[in-house]
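Nothing in this text is a laboratory measurement; each read-out follows from the coordinates by a stated rule. All figures in this text were calculated on a predicted structure; none of them were measured in a lab. Quick reminder, even Gly has a Cβ in these numbers, built from the backbone with ideal geometry, and neighbours come from all protein chains shown.
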């Protein structure tokens, strides 16, 4: 029996062939996979990261990685006196600032420009160095600004601020060591005391004694996001973090103080809302023991040394929640097992662990200043989203290099009995 051919197949095939035959083989055409637009890529990233207190945690992670000891957040509701002069209207308006007392390095300036890569990949001990997670700030802003020392960078994904007809630009970098470029910043006599006292910056000198991130809050829908950030939304962000702020400092090795401020419309000064301070047994606000421990760990990890290292100290966390003072004491144990992972394991090989950036570093902590039973939680340096039904079942908090995937809130913990 002879098979019949579908006339549509014949038509399609001949059409395809004729198209191929008629094409000019000598004509060079651009061909290959093309990436989506920058706006589209950022939208995809925002879908992976929740619009909640995780944004605050991402900023904390980056300050910790930078070796900062102090981190401050300032919600500024003013339209004027907000770092930039009136000549840069698109950057004026209410903003969320963060300040830490570490300076941006050359690698940091490179890393902040990477969309889906992170310089953390080069250092397994970095917990969140300007990778995908940091891009979650685009939930609240279209134009992040970074200032560190005499240098300032502005990111503008929709290419509306600095592009020319000949050259589209997604940002601008400038150095204020050249005094003639400082006119872009606010004149000192127009600024409030929050710049000098909280943000450690003198706009008239073009210098920041550390690093500032400024997130101009989105007041109307944009190409990047429909989310609008008003005073209520920022207050909610602060309040959500304040519920677990005392835990955030437990396993950090550098940051010892985190503060939240608010500056209302027309005010020259800012009000302290929340503060979280870690003091060691000597009563000092510092991380001396943790820093010494991490120096040993970094050396052992870098040179693949088998030595184990142990650190035990008592940390007191002081909290101030709008005038309500609390004090909690925690013994904190950190342990690094050394480069001792067996080559073959039921879970992961040593080679895979190194490629993924996992190291045998764990910690436990428990509160001794309360008689209330402790519901132990899981930490990846910072506490994972805290739900009572997702506790470990252990009477201690557990910190480690857990595999989270791209969504930090998606970690699942077995319920132990």
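The table below lists the values:
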| quantity | calculated |
| --- | --- |
| Relative contact order [Cα under 8 Å, 6+ residues apart], region 222-336, whole percent | 22 |
| Two-site label geometry, residue 105 and residue 164: point separation in nm, points 7 Å out along Cα→Cβ | 3.5 |
| Average Cα contact separation per residue, region 38-275, under 8 Å, 6 or more apart, as relative contact order % | 28 |
| Global geometry of region 38-275, whether rounded, prolate or oblate, following the gyration tensor of its Cα atoms and the 1.5 cut on a/c | rounded |
| Shape category assigned to region 219-347 from the gyration tensor of Cα positions, a/c cut at 1.5 | oblate |
| Among 366-374, 219-227, 254-262, the order from most to least packed when residues are scored by Cβ within 10 Å on average | 254-262, 219-227, 366-374 |
| By average C-beta atoms within 10 angstrom, highest first, the peptides 307-319, 238-250 | 238-250, 307-319 |
| Distance from region 358-374 to region 238-256 (C-alpha centre basis), Å | 14 |
